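Working notes for the structure below.
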Amino acid sequence: MNAKELKKYFPILDQEVNGHPLVYLDSAATSQKPVQVIEALNDYYRHSNSNVHRGVHTLGNRATDLYEGARDKVRKFINAASTKEIIFLRGTTTALNLVAQSYGRANVKESDEIVITTMEHHSNIIPWQQLAKATGATLKYIPLQEDGTISLEDVRNTVTPNTKIVSVMMVSNVLGTINPIEEITKIAHENGAVMVVDGAQAAPHLAIDVQKLNCDFFAFSGHKMCGPTGIGALYGKQDLLEEMEPVEFGGEMIDFVGLYESTWKDLPWKFEGGTPIIAGAVGLGAAIDFLSEIGLDNIEQHEHKLASYAMDTLSDIPGIVIFGPQRGKERASVVTFNLDDVHPHDVATVLDAEGIAVRAGHHCAQPLMKWCQVSATARASFYLYNTEEDIDRLAASLLKTKEYFSDVF
Amino acid sequence: MSFNNLDQLYRQVIMDHYKNPRNKGAIEDGSVTVDMNNPTCGDRIHLTMKVEDGVVTDAKFDGEGCSISMASASMMTQAIKGKDIEHAMKLSHVFSEMMLGNDYPDNLDLDDIEALQGVAKFPARIKCATLSWKAMEKGLQSEK
């Protein structure tokens with residue numbers, strides 16, 4: 001694949017910021033959107049907008065077909081067995097909360113354990129903290145190795161027959177670590193626990209096969225994979241979802257409503273209370289078409305090269321500290337770093353003056369920042385539209401940042 | 001090395017306060033203690049102030065953050081020391097107008113604080129500059 005050619009599909013990238021051509025290195029926060037997605041949203045609102053699953057009228061049918069068609073695209077994208085296993089939700093956070101609130105409340109008791117890791121994003125920590133508080137269960141953390149990876153031995157030592165839920169991110173939004181989900185799932189299952197995967201940073205970048213992973217739940221967000229904000233999906237194994245109660249009640253999710261009792265629709269609609277995120281799903285469907293046409297394997301290969309190039313280039317900058325797996329080690333295309341004593345906010349402000357967008361702060365992973373022994377870091381993250389030239393621009397500007405702050409200090 | 005627009009933000013006096021913070025530390029018997037953080041970026045400040053007969057007789061800060069937040073805290077403690085609560089609140093009001101890019105009354109002696117004017121042109125950094133001032137306001141509010 002040719003990233004330079006692909007860049008042309010992203011109109012937002014064709015602009016100057018502070019007098020320099022924009023270099024967008026914040027895709028781990030949210031990705032940019034190709035014209036295909038922008039046009040799909042536009043087209044939906046211009047020609048098909050209507051509520052779904054009710055009207056007899058033509059637009060209602062068209063909107064329903066588009067919405068359910070998008071569900072099948074998601075199913076294929078992650079290789080789920082059935083569309084009944086795909087629930088459209090606002091994003092990864094909502095999806096993980098649904099699992100904690102529904103599956104968790106019904107299956108976790110006081111003597112049980114919930115296991116996560118120290119590298120998790122807040123959205124895969126707090127739902128479990130709350131569940132542990134509500135049930136009296138124990139929340140346990142799989143520790144990190146010095147290089148920011150987790151060892152299967154530590155997983156085996158942390159997960160016990162009392163563990164009911166193991167929830168782990170597939171790719172770290174800070175360290176760039178790629179976790180061995182298939183193996184962790186095996187250990188979870190051997191102990192009788194369900195395996196939940198936070199796929200927010202994985203789905204945009206790696207080919208996902210939920211049947212091969214054999215995980216029980218897989219959550220991801222559309223906006224990090226070229227889709228619109230406000231749409232994401234939860235995959236769950238059908239037998240588990242069948243047993244689970246909805247957490248949101250109201251229109252759209254009901255079968256029969258009486259004065260004092262009601263029944264729910266079948267899967268997946270019983271979890272989609274209220275008018276669904278129709279346009280969002282249509283946009284996500286267009287994003288999946290776009291990514292699939294390029295090929296997730298090609299995207300993965302491109303980003304692998306970018307990550308290696310970034311690690312080689314940035315590791316040579318004097319005074320830089322890079323967190324997570326070091327040069328030469330397997331990692332995703334996100335590089336989190338600090339530069340000398342310059343605070344990451346100051347780094348990000350200087351880079352912005354050079355037209356380069358990076359993230360600075362704690363990246364919604366405060367426990368991980370504590371583990372890194374810093375209060376904040378800067379992060380550059382790459383996607384299919386980034387090139388080696390973008391990384392050269394970043395490296396050159398970091399050298400200027402160093403020089404600038406050594407001058408003013 | 002120079003970035004023209006950045007020089008408006010990173011003025012020499014700001015860098016001086018960042019490198020050599022005034023009133024760094026904590027007052028052991030401080031009558032007012034405020035802890036505040038900026039949840040979006042991880043900046044945090046621990047502010048202690050001694051207030052006697054309505055006058056801030058001492059102020060010290062500790063914390064972590066970028067050059068703008070730490071320099072602002074240093075300047076803030078310097079500006080309120082020896083001033084009465086009303087005066088400190090007025091300064092805080094003037095500072096917040098300055099951050100919004102609004103005109104502000106010029107009858108107060110702002111001294112080093114004026115160097116922070118440039119922050120108004122960097123919207124993402126305004127929260128860094130105002131953290132210590134918000135902490136001070138919160139602390140003195142309870143003393144009024």
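Values for this structure:
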{"quantity": "Counted residues, segment A:313-352 - those being farther than 17 Å from residue A:23 by Cβ, more than 13 Å from every other protein chain (Cβ to nearest Cβ) and not in a strand (DSSP E or B)", "calculated": "14"}
{"quantity": "Residue ID - farthest from the other protein chains (Cβ to nearest Cβ), chosen from residues in segment A:370-394 that are touching a residue at least 60 places away in the same chain (Cβ under 8 Å) and among the β-branched types (Val, Ile, Thr)", "calculated": "A:387"}
{"quantity": "Residue identified as in contact (Cβ under 8 Å) with a residue 24 or more places away in the chain and among the acidic types (Asp, Glu) among B:84, B:109, B:103", "calculated": "B:84"}
{"quantity": "Hey, residue A:355 out of contact with any Cys (no Cβ under 7 Å at 6 or more places or on another chain), away from chain B (no Cβ under 12 Å) and surrounded by fewer than 23 Cβ atoms within 10 Å (Cβ to Cβ) or not", "calculated": "no"}
{"quantity": "Hey, residue B:37 within 25 Å of residue A:352 (Cβ to Cβ), part of a strand (DSSP E or B) and within 14 Å of another protein chain (Cβ to nearest Cβ) or not", "calculated": "yes"}
{"quantity": "Near pairs, Cβ below 7 angstrom, 6+ apart or cross-chain, from segment A:350-369 (of a type in the set (Asp, Glu)) to any residue that is not in a helix (DSSP H, G or I)", "calculated": "A:352/A:18; A:354/A:20"}
{"quantity": "Answer from A:406, A:397 - the residue that is among the hydroxyl-bearing types (Ser, Thr, Tyr), part of a helix (DSSP H, G or I), more than 25 Å from the chain's Cα centre (by Cα) and at the interface with chain B (Cβ under 9 Å from one of its Cβ atoms)", "calculated": "A:406"}
{"quantity": "Condition broken by residue A:220, with the remaining ones in (1) in a loop (DSSP other than H, G, I, E, B); (2) under 30 Å from residue A:363 (Cβ atoms) satisfied", "calculated": "(1)"}
{"quantity": "Residues (in contact with a helix residue (DSSP H, G or I) (Cβ under 9 Å, 6 or more places away or on another chain) and either more than 16 Å from residue B:135 (Cα to Cα) or in a loop (DSSP other than H, G, I, E, B) (or both)) located in segment B:88-98", "calculated": "B:98"}
{"quantity": "Hits in segment A:358-369 (condition: touching a helix residue (DSSP H, G or I) at 6+ places or on another chain (Cβ under 6 Å) and facing another protein chain (nearest Cβ under 8 Å))", "calculated": "A:360, A:362"}
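Since every read-out is calculated from the coordinates, none of them should be taken as a lab result. None of these values were measured; they are calculated from a predicted model. Quick reminder, even Gly has a Cβ in these numbers, built from the backbone with ideal geometry, and neighbours come from all protein chains shown.
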